[in-house]
Amino acid sequence: MREAYGRALAEYGAINPRVVALDADTSSSTLSNFFEKRFPDRFFNFGIAEPCMIDAAAGFALGGLIPFANAFAALVALRALEQVRTCICYARLNVKIAASYAGVSDFKDGPTHHAITDIAVMRSLPGMTVVVPADGNEAASFVPLIAEYDGPVYFRLNRAATQPVSRPGEMPVIGKGIMRRTGKDVTIMACGAMAGRSLQAAELLAQKGIDARVLEIHTIKPLDKELIILAALETGAVVTAEEHTIIGGLGSAIVEVLGEELPVPLLRVGINDTFARTGPDPDSVMDACGLGISDIVKAALSVIKRKLY
Amino acid sequence: MTSYDDSTVTELRQMANRLRISSLKMIYQRQAGHPGGSLSAADIMAVLYFQVLRIDPKQPGWEERDRFILSKGHASSLLYSALAGRGFFPLPDLDHWGELDCHLQGHPDRLKTPGVDMTSGILGHGIAVGSGLALAARVLRKSYRVYVLLGDGECQGGIVWEGVNTCAKYKLSNLTAIVDYNDVQLDGPVHEIMPMEPFDDKWRSFRWNVIKIDGHDIVQILNAFEQARQVTDKPTVVIARTIKGKGVSFMENKAHWHGIAPDKEQYEAALLELQKDDK
Ligand SMILES: Cc1ncc(C[n+]2csc(CCOP(=O)(O)OP(=O)(O)O)c2C)c(N)n1
């Protein structure tokens, strides 16, 4: 996913001279270096100083530019959080945070480098928009949309390649979920890498005679309430799936909406209030920390038993 | 070096005194605010807002304007007094500071108050934010300058030095930082709480141009900004030696007066002292 993003940012840079890219000594990891190679005068490296990069991004936005601030999600959403809150959200500055290596996608570096609390934190900030693309193609499609969107965006990117779910040429819309699979028995609502896994889970459920709908909710905030409520109404049971702690992320956001609007049986698939662990590849780390396809299937089977109608 | 005529200097001195009176009145009326650090920076702010900054109160969003970031955002009453004095909003607004429907927030809010270039209040951000703003001028080929006012206690925070490093790397000669060096912070003297000396050496070793002045001497302040404008290959810091609570004898050099409002008697005594200076 990071490569698709990096290339898309560089390509978009050619169209929009107001875009600048910032990084914090991770440009060959986030792949903002594609942008750097093409536009050295519009690329700024702040060294290992994420808070300064975020503050400076606020300054660039004050000056009328559109900064994409690139860094590891774990670092921008934790170490630089006060900067994000005060200088970007409260000051309402048009900064795009490209938060790479999110979730457990930095499998080999372990829990220090995982970002499993970032969605919770970012979506709690007034004025912040949170977008989590599901695959490389979608990440690339979002770049121009995010650049041209008015206001701060937290763009959560995976280091790893994820199971593709989008079709080439498809145009996502910020704030609008996507029906990835129709179904009437249960709805799986997922974001990021878990969207592809949810589609695979739906196939397994189909073999068991269960018709699962899959919604990809790429924008965690503002949430597509209508699509979520409609799916809950039509299928009567919901499973949420995210590469994030079950506290405060996509699942929580959906529970907040359905709890108020249309309570239905619901189970959350996510990391169960624990740190993940190091592993040989992203998939095995995900499988080991409760994000397996089988975990989604199990949740769906169990939530269907509790259906009210 | 430009020489400034006596009337300019006298006017700026009077303006500084008026900013002191106005700040104190605001703090007294609201029974909240930060007198010490507002009084210490009044001369610097008078020179900036009434002589140095290229700004236009009729167009607060003018793209070519010089930018000012009050990194020590707790001196908001001083900034608001200067902005109102320059006509960014009506002077009577100052009497409503902190009321629920007043645009004047506890700390500066760029979205609410005309003329406030950047939201502040959490210490440490000004230079880092200013670095981005100064770099944006370079990218967009604009000639504005960026001024950042910070406290000496504020400089204890690491983010300040991340910003200082960045300004040096990019040789941001269009950015000038001013440190209101009053050696008093919230809990006590800076040299006891967390010593910052050798202070000017720190900046110099970060490859900044350093100018040390008496921060209550209008001519020295004017000259410092003039000198900073001549430098083309590095950012400048003006280390302004000041007295916290300057102008009100019982507030001077006292951490006690960092963040509390005077009562009626104290306020009247303070006014008397400041008005005596207003000649
Ligand atoms: C990061 C941060 N920590 C603590 C505070 C609370 N605070 C406000 S002013 C202040 C002391 C500031 O001292 P100094 O920078 O020397 O300012 P001055 O003496 O000029 O008022 C403190 C601790 C804050 N606003 N921001």
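The values are calculated or read from the model by the stated rules, or taken from the named source; none is laboratory data. The model shown is predicted, which means the values in this text are computed figures rather than measured ones. All Cβ positions, even for glycine, are placed from backbone atoms using ideal geometry, and neighbour counts span all protein chains on display. Heavy atoms of the whole protein, side chains included, go into the accessibility calculation; ligands, DNA and RNA do not. Shrake-Rupley method; radii C 1.70, N 1.55, O 1.52, S 1.80 Å.
Side notes on the structure shown:
- Length, then width, then depth: along the principal axes, the Cα atoms of the range A:123-241 run 44, 29, 23 Å.
- Evaluated at q = 0.05, 0.07, 0.09, 0.11 Å⁻¹: base-10 log I(q)/I(0), Debye formula over Cα of the protein assembly as shown: -0.26, -0.49, -0.73, -0.96
- Amide proton proximity set for A:Val20, modelled H, under 5 Å, gap of 5+: A:Ile66, A:Phe68
- Of the cross-linked pairs A:Lys221/A:Lys307; A:Lys176/A:Lys305; A:Lys37/B:Lys234; A:Lys96/B:Lys202; A:Lys208/A:Lys305, those separated by over 22 Å at the C-alpha level are A:Lys221/A:Lys307; A:Lys176/A:Lys305; A:Lys37/B:Lys234; A:Lys96/B:Lys202.
- The long axis of helix B:76-86 is offset from the longest Cα principal axis of chain B by roughly 80 degrees.
- Projected onto planes of every orientation and averaged, the convex hull of the alpha-carbon atoms in the range B:6-278 covers 13.3 nm².
- Rounded accessible area per residue of chain A, 1.4 Å, Å²: 36 Å²
- Base-10 log of normalised Debye intensity for the range A:172-224 (one unit scatterer per alpha-carbon) at q = 0.22, 0.30, 0.32 Å⁻¹: -0.73, -1.11, -1.20
- Close amide-amide hydrogen proximity is noted between B:Phe68 and B:Asp117, B:Tyr147, each under 5 Å apart and 5 or more residues distant or on a separate chain (H modeled in the peptide plane; Pro and chain starts excluded).
- Values of log10 I(q)/I(0), in the order q = 0.21 Å⁻¹, for the range B:138-279 under a Debye, Cα-only, solvent-free model: -1.25
- Ratio of Rg to Rh over the range A:178-304 (Cα coordinates, Kirkwood Rh, two decimals): 0.95
- The range A:35-78 and the range A:191-231 have Cα centres separated by 33 Å.
- Greater than 24 Å apart at Cα, pairs in B:Lys25/B:Lys112; B:Lys254/B:Lys276; A:Lys184/A:Lys225; A:Lys108/B:Lys169; B:Lys244/B:Lys264; B:Lys58/B:Lys276: A:Lys108/B:Lys169; B:Lys58/B:Lys276
- Residues in the range B:118-162 that a label on A:Asn16 would reach, taking backbone N under 17 Å of a point 7 Å out along Cα→Cβ: B:140
- The mean of 1/r over all distinct Cα pairs in the range B:202-279, once inverted, gives the Kirkwood hydrodynamic radius of 14.9 Å.
- When chain B is treated as a Gaussian network with alpha carbon springs shorter than 10 Å, the biggest mean-square fluctuation among B:Ala41, B:Ala168, B:Ala82 belongs to B:Ala168.
- Among A:Tyr101, A:Tyr90, A:Tyr154, residue whose mean-square fluctuation peaks in a GNM of chain A (springs only between Cα atoms under 10 Å): A:Tyr90
- ³J(HN,Hα), Karplus 6.51/-1.76/1.60, whole Hz, each residue of the range B:156-168, x for Gly, Pro: 6, x, x, 4, 4, 7, 5, x, 4, 4, 5, 4, 6
- Chain B: most fluctuating residue of B:Val210, B:Val184, B:Val139 per GNM, C-alpha cutoff 10 Å: B:Val139
- Based on the Kirkwood approach, the hydrodynamic radius assigned to the range B:1-52 is 11.7 Å, with every pair of different Cα atoms included.
- Inter-part distance where the range B:95-138 and the range B:252-279 are each reduced to a Cα centre, Å: 26 Å
- Chain A: Rg to Rh, with Rh as the Kirkwood radius over Cα pairs: 0.97
- Accessible surface buried once B binds A (1.4 Å probe; total of both sides; Å²): 2100 Å²
- For chain A, the longest principal axis of the Cα atoms and the long axis of helix A:250-261 meet at an angle of about 60 degrees.
- For the range A:132-186 versus the range B:214-240, the inter-centroid distance based on Cα atoms is 50 Å.
- Projected area, mean over directions - the range A:1-130, Cα convex hull, nm²: 7.1 nm²
- Amide H contacts for A:Ile188 (H built 1.01 Å from N in the peptide plane; partners 5 or more residues away or on another chain; cut-off under 5 Å): A:Arg213, A:Val214, A:Leu215, A:Val239.
- Rounded to the nearest 10 degrees, the inclination of helix A:136-148 to the longest alpha-carbon principal axis of chain A is 60 degrees.
- Of the beta bridges in chain B, as assigned by DSSP with both residues counted there, near 5 percent are antiparallel.
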